[in-house]
Amino acid sequence: MKNQLNNTILVTGGAGFIGSNFIVDWINAGLGTVINLDKLTYAGNLENLAEVKENPSHVFVHGDIGDRNLVAELLAKYRPYAVVNFAAESHVDRSIHGPEDFIQTNVVGTFHLLEEVRAYWQRLCEEKPSEFSNPDFRFLHVSTDEVYGTLSSSDPAFTETTPYAPNSPYSASKAASDHLVRAYYHTYHLPVVTTNCSNNYGPYHFPEKLIPLCLLNALAGKSLPIYGDGQQIRDWLYVKDHCSAIRRVLEAGQLGETYNVGGWNEKANIDVINILCEILNELKPKADGTKYQSQITFVKDRPGHDRRYAIDASKLERELNWKPAETFETGIRKTVLWYLEHQFWVNNVTSGEYRSWIDQQYTGRAA
Ligand code: NAD
Ligand code: TYD
């Protein structure tokens, strides 16, 4: 029990890539009940939660973070001591094709969620018995390093004080949501914390993103599409390390603060794909004796493609004593093994809507 609240958290977007990893780890660690509010867009998949399907500590609710009545009802019914907001449209390329959903969920949806959380928080403060201090509640907003924009090769990594300069509709919508969260702290004293994490990879990653897309294409004998010259740099973090950072910030982060989360693993896209191919060459050699690298194809670049992201995670390490458990080399090997061992999940996600996205995105994109 946390003050007069239940040992329950409300997680939004918990059927997606990171949210599902977070919930599975939370439940397996016996940390309490999770109410999982997810709209089940193309990116939401209940198969990601198969491990906790029968567990009464996981309560799935199909719905939208922008549905204020539903959010109010869930908060009143379950009285969570925290809300962790993962729900978002998350794919940059989709935001370029159609930004509308990004504005609706990431900006308007987060705003509606904040409004209902604010009302809930105010009620908690009013009803608290006199022997309690303010309820130990917090709203944790999960955000991205992409809000900081792009770096040149000589720039220092992003810190929490780097000015926001988002360049894609996705990152602009996340930046807007971060600003709303910040404003609710300063204006209404809503107890919030925000995390800004670098690129994640690992189990349950939807295969529209670079690593799972190339992994599955490699196994299917298809081309591995590298945008532009492949020299764009991303800072990669194994998803379970992101989840451990969120748990730590939830537990000990200072209210109103933001924390950068990263793994000190800057890599050019072409190097990531070469490492991936090398692991596949070893674990699943091709029958014809050729290397998976032969499937690499350079395709037309993404419009407005950010050149480099790099996260300075020293605040989180110094103040909250957090460290990632995986290096890129250990994490990527675990990831490849996971995909090789989870053919049922792969077949489940690579049907339907996913196929039509791949047709739309990659047809006619040869460089
Ligand atoms: P994802 O696209 O895999 O999952 C998003 C989930 O949110 C899906 O289950 C979807 O159904 C749900 N959702 C979408 N709109 C919703 C709505 N209106 N109401 C309720 N649920 C909704 O995304 P992800 O990669 O798991 O990312 C989760 C969060 O982490 C996002 O906020 C993203 O910006 C952030 N983030 C992601 C990365 C990364 O590398 N993937 C890195 C840093 C931060
Ligand atoms: P992505 O996984 O979409 O994440 P983000 O855009 O949020 O960083 O892309 C990671 C990098 O890989 C990015 O620089 C774009 C590049 N990329 C490709 O080269 N080819 C692809 O098919 C995809 C999806 C991404």
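The values are calculated or read from the model by the stated rules, or taken from the named source; none is laboratory data. All values reported here derive from a predicted model rather than from experimental measurement. Don't worry about glycine lacking a Cβ; one is built from the backbone with ideal geometry, like all the others, and counts go over all protein chains shown.
In this structure, does residue 191 turn out to be under 18 Å from residue 261 (Cα atoms), more than 15 Å from ligand 1 (Cβ to nearest atom) and either at pLDDT 95 or above or not charged (D, E, K, R) (or both)? Criteria not met by residue 191. For segment 142-169, filtered to residues that are aromatic (Phe, Trp, Tyr) and in contact (Cβ under 8 Å) with a residue 60 or more places away in the chain, the residue that is farthest from residue 236 (Cα to Cα) is 148. Of the helices (runs of 4 or more DSSP H) contained entirely in segment 1-108, those carrying at least 1 residues that are farther than 21 Å from residue 249 by Cβ and more than 10 Å from ligand 1 (Cβ to nearest atom) fall at 68-78, 92-97.
Going through (1) free of Cβ contacts under 8 Å to residues at least 40 places away in the same chain; (2) out of contact with any helix residue (DSSP H, G or I) (no Cβ under 8 Å at 6 or more places or on another chain) one by one, residue 24 falls short only on (2).
Candidates are the residues of segment 347-367 that are within 18 Å of residue 228 (Cα to Cα) and exposed (fewer than 11 other Cβ atoms within 10 Å of the Cβ); the one that is modelled with the lowest pLDDT is 364. Tell me, please, whether a residue that is at pLDDT below 95, away from ligand 2 (no atom under 12 Å from the Cβ) and under 27 Å from residue 149 (Cβ atoms) can be found in segment 232-245. No: segment 232-245 contains no residue that is at pLDDT below 95, away from ligand 2 (no atom under 12 Å from the Cβ) and under 27 Å from residue 149 (Cβ atoms). Among the residues of segment 68-92, those identified as touching a strand residue (DSSP E or B) at 6+ places or on another chain (Cβ under 9 Å) and surrounded by fewer than 20 Cβ atoms within 10 Å (Cβ to Cβ) are 70, 77, 78, 79.
Filtered by the rule that a residue be closer than 13 Å to residue 336 by Cα, under 22 Å from the mean Cα position of the chain (by Cα) and surrounded by 23 or more Cβ atoms within 10 Å (Cβ to Cβ), segment 213-249 gives 214, 215, 238.
Note on segment 251-276: residues that are hydrophobic (A, V, I, L, M, F, W, C), away from ligand 2 (no atom under 14 Å from the Cβ) and crowded, with 18+ Cβ neighbours inside 10 Å amount to 2. Restricting attention to segment 119-137 and to residues that are touching a strand residue (DSSP E or B) at 6+ places or on another chain (Cβ under 9 Å) and assigned to a helix (DSSP H, G or I), the residue that is modelled with the lowest pLDDT turns out to be 124. Scanning segment 183-208 for residues that are in contact (Cβ under 8 Å) with a residue 40 or more places away in the chain and either away from ligand 2 (no atom under 16 Å from the Cβ) or within 19 Å of residue 254 (Cβ to Cβ) (or both) yields 184, 185, 186, 188, 190, 191, 192, 193, 194, 195, 196, 197. Here the condition is being out of contact with any helix residue (DSSP H, G or I) (no Cβ under 8 Å at 6 or more places or on another chain), surrounded by fewer than 22 Cβ atoms within 10 Å (Cβ to Cβ) and not hydroxyl-bearing (Ser, Thr, Tyr); of 47, 51, 100, 115, it holds for 100 alone. Among the residues of segment 312-332, the ones that are in a helix (DSSP H, G or I) and either over 22 Å from the mean Cα position of the chain (by Cα) or closer than 15 Å to residue 205 by Cβ (or both) come to 5 in all. The set of residues in segment 138-165 that are away from ligand 2 (no atom under 13 Å from the Cβ) and either farther than 30 Å from residue 189 by Cβ or in a strand (DSSP E or B) (or both) comprises 138, 139, 140, 141, 142, 152, 153, 154, 155, 156, 157, 158.
When segment 174-210 is filtered for residues that are surrounded by 22 or more Cβ atoms within 10 Å (Cβ to Cβ), within 21 Å of residue 227 (Cβ to Cβ) and in contact with a helix residue (DSSP H, G or I) (Cβ under 7 Å, 6 or more places away or on another chain), the ones remaining, listed by number, are 174, 198, 200, 201, 205, 210.
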